[in-house]
Amino acid sequence: MKLEEALHNNRYKIVDRWVQYTLETYKASQFFTREKDSFANPIGGTVRDSLRKIFSLLIKNQETANYKEPLSRLMHLRSVQEFTPSQAVAPLNAVKHITRDVLAADKATKLLIGELYDFEFSVDLAVLAAFDLYVECREKIYKIRVEEIRSGKELLTDGACPSKALKNITDIKR
Amino acid sequence: MAVAKLEQLSQSVAQDPSMATGAVPTNDWMDIPVVFKPGNYAYPAKKDKVEYLDSQKGLHFPNAREWSPEDDDWKLPENWKEIIIDGLGERLEKFRSLKIFMDCCVRCGACADKCHFYLGTGDPKNMPVLRAELLRSVYRNDFTLAGKILGKMAGGREMTVGVLKEWFMYSYQCTECRRCSVFCPYGIDTAEVTIMLRELLHLVGVGINWILEPVSNSNRTGNHMGLQPHTFKDNVDFLTEDIENLTGIKIEPTFNRKGAEILFITPSADVFAEPGLYTAMGYLILFEHIGIDYTWSTYSSEGGNFGLFTNNEAMKKLNAKMYAEAERLGVKFILGGECGHMWRVLHQYMDTMNGPADFLEVPTSPITGTVFDNAASTKMIHVSEFTADLIKHGKLNLDKSRNSHVKATYHDSCNTARAMGLMDEPRYILDHVVDWVEMPENTIREKTFCCGSGTGLNTDEIMELRMRSGLPRANAVKYVEEKHGVNLLSCVCAIDRATLTSLMDYWNPNVGVCGVTELVGNAIVLEGETRGELDEGLRTMVF
Ligand code: SF4
Ligand code: SF4
């Protein structure tokens, strides 16, 4: 069996464990794993959705640019939750370990572990990209805060017409 | 080998043991202390604001001081515990609902996963059942026989500084949105438990500035921002200039005019901040179009009532100015603008607090003759009810194509949807003025998700918290954005207009926020107008 085929065959198993692992970083994780409706369970839904997409890109050794959308969704989530920066990004790394585990557990795929270099390198690149996105999200938060404060300040001064002053504030650069 | 490494990785990720093992964590949650750090708490109220409020007739805001939640010592009064326990006892006597809510929860867990704070944080103490348990455990300990004898075994817990700190943390991670109560088989309203927790905390001087400053401003000048009458008027005048530039029609609203038929009151945010400004322009255009006899007030210049987020007395006092002003001006009834918690206060408390308003008449539309019997007692109707009735009677000249740059969706504000049942009127209006779609069924109407920043939590120092508690709402918006190309999130709440703007900037930056009346104002064809092509409707910049 080829590595690519093995990864493809095991994709559900790997992604499931990866999702489970990521959701366990939340204190009350049972509900997040159990509830499948992504509107009732947006953390679970977002994690499941983005990891599934990221994994399918990983096994195809895709360009990092393609990771941006699913990674960005995940980082939008984790950068406003109570994680340190490393905790926010770390679950991405887990897929390396999980993949090795899954392949090692089956005789037919055990020997393919030696060929995982390229796959793992892709994971490394994704982790680095995630860190950039994490910082981008943090900066966005500060910009939004500044925007709120700026509009607030104008309001507290009773002098110039605040609505006129507001017109001068340029949109948040996105 | 891989397994060992993975464990190491997970240790760096989740050092804390997972607390919850089911829908309702049963054991250790009581013993885990809260930790305050920048970003997870709102700034405490400034000393001078508390002093001012405490000096006001009928209000009680003691223990003004400088303090920080991060300090060990919160500088509580010496007898703080007695104050809290007595305060709880007094409220159990006074509010029957509180006593029932304390007694009748069966811990079924139906509410546990319905709170947007829990859904966005995964923190078990944000499950409504546990939020209520923070108070219930103390109630059991001090007010039930089982608790007095068995203490912790009966779920009782002694009131300590640690418990008080927990109350502060979690009563300010609840927006009193009442989503949980929709799912509770007993109708337990955790929002009311939060209201009580906050009231009790105020008894010992624990409150946040973002709430107490607007309360003190409202008490002083009549609106949250502390705008004085001339500034308030200038702002509305400025909006009429904008309207003239856009449509060629000069509108001349009146202020504090005695003998007007209708008094119009809206949240002050509508006249001073984007995107509420456009909604206020919508009101002005609508009233001009149908030619009603109405006036603004520069004294009762705030529909919102942050008193609701402090205590009963402050809410009552701030609310009283509406009727006082209506009586002074001699109007027939009051028309209210788009606001959330303003309507909660009006619909649920105003009549008993400050009514009956015998000097007013049952609201009757001067244009259609419709009698609004639903407001027979309060004498105050919502602009959406009023507008929907106008549309139904064909009284508005609407050109829907003027909103063709918009694909809208509609956010039910918690208070208008769950506290007053206003769900169909805004939808009826939207049908006539814009192309729009619904968000998924379990995120709208009575099951709507909060913006995440209500009840005075719309302050910037807790932005991350607001972004995570707003996730369930933003997630549903993202869905309709991706599926239907939605680019505007409409609502009938001023706080929403401000907070959803930040929420969208973070999660769905291509989606803007507007009030329903903005879309109405944009679609109205005014008599004699010289309006050109306005690519962005009332938001188009013309020079
Ligand atoms: S749904 Fe009602 S009875 Fe059930 S745990 Fe929640 S508050 Fe208690
Ligand atoms: S009222 Fe709303 S914010 Fe408060 S516990 Fe219930 S669902 Fe959560």
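Just checking the listed ones, A:146, A:123, A:19: in the Gaussian network model of chain A with Cα springs under 10 Å, the one fluctuating most is A:146. Surface exposure of segment B:205-313, expressed per residue as accessible area with a 1.4 Å probe, stands at 26 Å².
Give me the accessible area buried between chains A and B, both sides summed, with a 1.4 Å probe, in Å² rounded to the nearest 100. Spell out each step's value before the answer.
Working: alone 11320 and 21840 Å², together 27960 Å².
Accessible area lost upon association: around 5200 Å².
Note that segment A:3-137, at 4 °C in a medium of 1.567 mPa s, gets a Stokes-Einstein diffusion coefficient of 86 µm²/s from its Kirkwood radius over C-alpha pairs. Roughly speaking, to the nearest percent, how much of segment B:214-539's 1.4 Å accessible area is carbon and sulfur? That fraction is 45 percent.
Bridgeable aspartates and glutamates around residue B:94 (alpha carbons under 15 Å apart, same-chain partners fewer than 8 residues away excluded): B:86, B:192, B:199, B:313. Pick out which of A:150, A:52, A:78 has the largest mean-square fluctuation in a Gaussian network model of chain A, springs linking Cα atoms closer than 10 Å. Looking only at A:150, A:52, A:78, the largest GNM fluctuation is found for A:150. Taking Cα atoms, how many degrees apart are the long axis of helix B:128-143 and the longest axis of chain B, rounded to 10 and kept between 0 and 90? For B:128-143 against chain B, the angle is about 50 degrees.
How far is helix A:42-58 tilted off the main Cα axis of chain A, in degrees rounded to 10, range 0 to 90? Once rounded, the angle reads 50 degrees.
Taking 4 °C and 1.567 mPa s as the conditions, I'd like the Stokes-Einstein D for segment B:18-207 in µm²/s, using the Kirkwood hydrodynamic radius from alpha carbon pairs. The estimated diffusion coefficient comes to 75 µm²/s. By the helix-only formula, in which each DSSP H run with n ≥ 4 contributes -39500 (n - 2.57) and the sum is divided by residues, chain B has a 222 nm mean residue ellipticity of -13500 deg cm²/dmol.
The orientation-averaged projected area of the convex hull spanned by the Cα atoms of the protein assembly as shown comes to 32.1 nm². Helix B:2-13 sits at what angle to the longest principal axis of chain B, using alpha carbons and giving 0 to 90 degrees rounded to 10? Roughly 70 degrees between the two axes.
Do any of B:75/B:125; B:250/B:392; B:37/B:165; A:140/B:407; A:27/B:75 go past 20 Å between their Cα atoms, and which? Let's see the in-between values first.
Values: B:75/B:125 25 Å; B:250/B:392 27 Å; B:37/B:165 13 Å; A:140/B:407 25 Å; A:27/B:75 32 Å.
Table pairs above 20 Å Cα-Cα are B:75/B:125; B:250/B:392; A:140/B:407; A:27/B:75.
Can you give the accessible area of residue B:80 in Å² (nearest 10), computed on protein heavy atoms with a 1.4 Å probe? That residue has around 30 Å² of solvent-accessible surface.
The values are calculated or read from the model by the stated rules, or taken from the named source; none is laboratory data. Keep in mind that this is a model prediction, so the values were computed, not measured. The area values use the complete protein model at the heavy-atom level, side chains included, leaving out ligands, DNA and RNA. Shrake-Rupley method; radii C 1.70, N 1.55, O 1.52, S 1.80 Å.
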